[in-house]
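The values are calculated or read from the model by the stated rules, or taken from the named source; none is laboratory data. In this text, all values refer to a predicted model and were calculated from it rather than measured experimentally. Cβ atoms come from the backbone with ideal geometry, glycine included; neighbour counts cover every protein chain shown.
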Amino acid sequence: MQIDNTMAKKILSETKGASTVGFTHSLNPYSGCAFGCSYCYVREMPIQKYKDIPWGEWIDIKLNAVENYSKEINSLRRRNKPINIFMSTATDPYQPIERKVEITRKILTEMIESPPDFLQIQTRSPLVVRDLDILLELQQRCELLVSMTIETDREDVKRLFAPLAPGINQRLKALRNVHAAGIATQASISPLLPFTPDFPKRLQGIVDRIYIDSLNIGDGLKGKRSVQLGMPLLFQRNGFSKWYQPDIHLKTNNYFNKYFDEKIIFLSSSREYPLKGKICTID
């Protein structure tokens, strides 16, 4: 793993695209991601295309992330701009290096002094539980949602597509702990991978929202990046072809509706996205 320090020009980026509907900005504490999931659309983005090192084998630590955040949010506040932050879109804010350098924790601490209007933390790491003390304080200052990526409930499938990512049971336990602490939680089934019939039952009582995404929709290019990454062939080789259908997210939605109120389930193809206290829609 190549780890470098960097000074970022900005830490808040204006959001674009369907995957960040309802958000005004994304915040990535790091560039690169040690989890290196095979389906990750960032593999096909310029940030990786211009790298000589494969995705999953490099990380840039944004040393000035906290200072940039403070300056940028204060500037937005002076202009009376809404600030709904998605953290993170192109990395995991709680990947292993965070345990040592605590860039994410430091940013969250700064947010207590200069909060956004809404913050969604998107991770697949149980390390988020470490920061419950800060999150409990932060949710008194802004709307907060902790979203855990749980793309399947099958460990064998997880190992096939994301062998370096934390185990499913660990993620479910973390989600349960965050929810029990009184913080709003979301299970992000993104991208949707083959799962067992009991998957919805494992989420009952520990989530306030469920977000369903598929490789045909959520890669930012209507499935083209996923094709370039060889996902259709990987599904086929492992006998999962029926899970790569264009309408698989709709079928999954119908199945989960048997266990959850349809009002808490959202699709990546929807024009609505759940913020904690309201629904944000595309104009």
#### Entry: Residues (under 17 Å from the mean Cα position of the chain (by Cα), surrounded by fewer than 16 Cβ atoms within 10 Å (Cβ to Cβ) and over 21 Å from Gly205 (Cβ atoms)) located in the range 158-193
Leu164
#### Entry: Pairs where the first residue, in the range 160-189, is within 20 Å of Ile134 (Cβ to Cβ) and the second is surrounded by 15 or more Cβ atoms within 10 Å (Cβ to Cβ) and of a type in the set (Asp, Glu), C-beta under 9 Å, 6+ apart
His179/Asp208; Ala184/Glu143; Ala184/Asp208; Thr185/Asp208; Gln186/Asp208
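Sort through Glu151, Glu155 and tell me the only one that's within 24 Å of Arg99 (Cβ to Cβ), surrounded by 18 or more Cβ atoms within 10 Å (Cβ to Cβ) and acidic (Asp, Glu). Even if it seems obvious, please write down each step before you answer.
Values: Glu155 fails: surrounded by 18 or more Cβ atoms within 10 Å (Cβ to Cβ).
Matching residue, one of Glu151, Glu155: Glu151.
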### Summary
Residue set Ala180, Ala187; condition modelled with pLDDT of 95 or more and either in contact with a helix residue (DSSP H, G or I) (Cβ under 6 Å, 6 or more places away or on another chain) or of a type in the set (Phe, Trp, Tyr) (or both); output residue Ala187
### Task
From (1) under 19 Å from Asn177 (Cα atoms); (2) assigned to a helix (DSSP H, G or I), pick out the condition that doesn't hold for Lys106.
(1)
### Message
Looking at (1) over 20 Å from the mean Cα position of the chain (by Cα); (2) closer than 30 Å to Asp133 by Cβ, which one does Ile206 not meet, given that it meets all the others?
### Response
(1)
### Query
So is Asp133 within 26 Å of Asn5 (Cα to Cα) and out of contact with any His (no Cβ under 7 Å at 6 or more places or on another chain) or not?
no
